[in-house]
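The values are calculated or read from the model by the stated rules, or taken from the named source; none is laboratory data. Because the structure is a prediction, the values reported are computed rather than measured. Counting neighbours? That spans all protein chains shown, and the Cβs are built from the backbone with ideal geometry, glycine included. In case anyone asks, the SASA skips ligands and DNA or RNA and just uses the protein heavy atoms, side chains included. Shrake-Rupley method; radii C 1.70, N 1.55, O 1.52, S 1.80 Å.
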2 protein chains.
Amino acid sequence: MLAAIEAGGTKFVCGIGDATGSRLTRTIPTRDPDSTLADVARFLAEAAAEHGAFTAIGIGSFGPLDLDRTSPTYGSIAATPKPGWAGTDMPGFLKARFGVPVAIDTDVNVAALAEARLSGVRRLAYVTVGTGIGVGFARNGETETGFGHAEAGHIPVRRHADHGIFAGTCPFHGDCLEGMASGPAIKAAWGHSLEGLPPDHPAWDVTATYLGQLCRTLILTTMPERIVLGGGVMAQERLLPLVREATEKQLNGYCGPWTHEAFTTRIHLPQSQEPPGLVGAYLLAATVADQ
Amino acid sequence: MLAAIEAGGTKFVCGIGDATGSRLTRTIPTRDPDSTLADVARFLAEAAAEHGAFTAIGIGSFGPLDLDRTSPTYGSIAATPKPGWAGTDMPGFLKARFGVPVAIDTDVNVAALAEARLSGVRRLAYVTVGTGIGVGFARNGETETGFGHAEAGHIPVRRHADHGIFAGTCPFHGDCLEGMASGPAIKAAWGHSLEGLPPDHPAWDVTATYLGQLCRTLILTTMPERIVLGGGVMAQERLLPLVREATEKQLNGYCGPWTHEAFTTRIHLPQSQEPPGLVGAYLLAATVADQ
């Protein structure tokens with residue numbers, strides 16, 4: 001039995017079980033670190049009492065995270081505008097509390113791990129389009145980090161003419177990808193989420209064009225076999241085919257092995273039954289369970 | 001003794017020696033594949049007669065290349081507008097001619113390998129800014145490929161206001177990065193290469209801003225520890241500090257472990273004594289020399 005935590009900015013989804021399914025899950029609203037982690041620990045203790053002990057904990061967390069293994073603050077949350085969370089060492093807290101190995105990575109990296117496992121590809125990019133836009137990578141069954149972890153929500157994008165002079169919502173960059181195509185950006189620009197806008201509203205094409213720029217950039221720089229698009233904004237089913245179309249149109253035939261069919265078979269919604277971040281957190285826990 | 005070939009669109013640089021230095025090199029103008037490869041083979045035979053036999057050949061080649069090891073055309077040049085070169089199987093030709101193992105990768109991937117070795121980093125992006133713009137990656141001492149190889153010269157960029165309505169020179173995308181900031185793009189937009197333009201000419205800032213968008217995108221998506229900028233356009237020494245500045249300004253503090261100092265220490269010109277593509281081709285040859 002393993003424990004998994006998908007630590008998000010608005011909620012923590014916790015579970016015990018393994019990557020094939022949870023025995024028990026609980027969703028805990030994100031508040032300050034002390035209250036939130038106390039609730040997480042209480043759930044894990046109760047779940048273990050009911051279903052049996054877990055041997056490791058995996059965490060897929062909002063970022064930025066310090067994932068430099070040589071750093072004294074490895075595993076902690078780095079500078080973040082989220083009040084109270086900067087410097088929080090979730091693995092340290094849980095390890096001390098439960099005495100089992102704890103592994104942590106970004107929410108999008110572990111989601112990439114889960115989707116790569118399900119689809120059997122060696123290299124996968126997982127994109128979440130919601131309150132923010134995040135991208136994680138899995139390669140050969142492991143999550144990818146480098147000098148820091150990916151923050152591909154903040155790439156520059158070419159402005160869509162129908163977006164007029166909309167300034168964008170990113171506090172760092174204004175009109176970067178996240179500032180133009182995240183859930184809050186869509187609401188700020190058009191007064192509604194996509195859900196509330198008719199199919200012929202320009203917001204659909206504008207959003208798909210920006211997400212197409214992201215997919216184009218990922219294909220040209222990181223060469224994934226599959227791009228999975230998750231998050232609240234992608235829950236609008238009309239969006240996926242528009243993003244595929246925008247990506248293919250922008251690449252205009254210059255895309256190596258990405259044939260016409262590839263855009264349909266390789267740009268997809270998540271396949272996981274449970275949230276991919278939770279499934280990935282179990283997979284991450286499994287990597288340290290034998291230590 | 002190893003043999004190395006840096007196969008470029010205008011010239012082939014060939015050498016025998018190893019990654020610490022060539023014993024003998026020759027530059028052969030690129031024409032049709034038959035004439036070009038016949039000259040390459042003649043040089044290698046002569047060089048071996050004079051300096052001793054080589055045990056493997058490494059090739060860093062212009063692309064696109066088929067680098068899918070499961071493909072029947074692995075190692076061949078894929079669809080290219082370069083007359084006669086599509087389908088050319090350089091490794092096959094040289095293996096048949098010399099009876100030694102031959103390895104091939106993109107020119108920019110092997111250059112990344114060479115620079116990563118020299119600077120001792122685990123993850124490096126090598127950018128060439130010349131006739132085209134290409135990006136290669138090395139990770140943990142190996143070149144990186146995925147579903148195809150990187151083609152990051154073709155990422156979308158945000159137009160610089162001083163570029164007016166310049167359409168860009170990329171036959172596929174018009175105003176992608178390569179269409180706006182490659183050598184031919186600079187000449188087409190301003191009538192001169194950077195070399196011929198005064199320091200206060202807008203071309204400097206325009207070019208640096210586009211290359212800054214590339215560095216920003218690479219940092220946010222591929223997390224290199226070091227970005228090496230090579231190629232003819234970067235030979236203008238004034239450009240490097242402008243690119244560093246543009247990258248840092250655009251990221252605006254949102255860049256994980258990239259502190260202010262990092263932009264100077266981690267964005268650099270090539271350090272290799274010989275062309276990094278040639279050095280990398282020796283390193284690639286070494287990986288198959290024992291087979």
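Looking only at residues that are aliphatic (A, V, I, L, M) and more than 19 Å from residue B:212 (Cα to Cα) in the stretch B:113-127, which one is farthest from the other protein chains (Cβ to nearest Cβ)?
Residue satisfying both the conditions and the ranking: B:114.
Do the conditions hold for residue A:168, that is, is it in a strand (DSSP E or B), out of contact with any Leu (no Cβ under 7 Å at 6 or more places or on another chain) and either in contact (Cβ under 8 Å) with a residue 12 or more places away in the chain or within 11 Å of chain B (Cβ to nearest Cβ) (or both)?
When the stated conditions are applied, residue A:168 does not pass them.
Take the stretch B:179-206 and flag every residue that is touching an Asp or Glu at 6+ places or on another chain (Cβ under 9 Å) and closer than 23 Å to residue A:249 by Cα.
Selection gives B:185 alone.
Pick out the one residue from B:279, B:228 that is in a strand (DSSP E or B), among the β-branched types (Val, Ile, Thr) and crowded, with 24+ Cβ neighbours inside 10 Å.
One residue alone meets the criteria, B:228.
Out of A:284, A:251, A:240, which single residue is closer than 30 Å to residue A:25 by Cβ, of a type in the set (A, V, I, L, M, F, W, C) and more than 15 Å from the chain's Cα centre (by Cα)?
Matching residue, one of A:284, A:251, A:240: A:240.
The conditions are (1) buried (at least 23 other Cβ atoms within 10 Å of the Cβ); (2) in a strand (DSSP E or B), and residue B:103 fails exactly one of them. Which is it?
All conditions are met except number (1).
In this structure, is residue A:158 open to solvent by 40 Å² or more (accessible area, probe 1.4 Å), at pLDDT 95 or above and under 13 Å from residue A:211 (Cα atoms)?
Yes.
Conditions (1) within 14 Å of chain B (Cβ to nearest Cβ); (2) of a type outside the set (Phe, Trp, Tyr); (3) out of contact with any Cys (no Cβ under 6 Å at 6 or more places or on another chain), marked per residue:
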site	(1), (2), (3)
A:214	yes, yes, yes
A:227	yes, yes, no
A:234	no, yes, yes
A:263	yes, no, yes
A:273	no, yes, yes
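Quick check: anything in the stretch A:204-211 touching a residue at least 60 places away in the same chain (Cβ under 8 Å), open to solvent by less than 30 Å² (accessible area, probe 1.4 Å) and touching a helix residue (DSSP H, G or I) at 6+ places or on another chain (Cβ under 9 Å)?
Taking every residue of the stretch A:204-211 in turn, at least one turns out to be touching a residue at least 60 places away in the same chain (Cβ under 8 Å), open to solvent by less than 30 Å² (accessible area, probe 1.4 Å) and touching a helix residue (DSSP H, G or I) at 6+ places or on another chain (Cβ under 9 Å).
In the stretch B:171-190, what residues are free of Cβ contacts under 8 Å to residues at least 60 places away in the same chain, assigned to a loop (DSSP other than H, G, I, E, B) and within 11 Å of another protein chain (Cβ to nearest Cβ)?
Scanning the stretch B:171-190 gives B:172, B:173, B:175.
Say we look at the stretch B:72-100 and pick out the residues that are out of contact with any Pro (no Cβ under 8 Å at 6 or more places or on another chain), open to solvent by 30 Å² or more (accessible area, probe 1.4 Å) and touching a residue at least 40 places away in the same chain (Cβ under 8 Å); which of these is farthest from residue B:280 (Cα to Cα)?
So the residue we want is B:83.
Kindly state which strands (runs of 3 or more DSSP E) lie completely within the stretch B:1-58 and contain at least 3 residues that are buried (at least 21 other Cβ atoms within 10 Å of the Cβ) and not charged (D, E, K, R).
Once the strands (runs of 3 or more DSSP E) in the stretch B:1-58 are filtered for at least 3 residues that are buried (at least 21 other Cβ atoms within 10 Å of the Cβ) and not charged (D, E, K, R), what remains is B:2-7, B:11-18.
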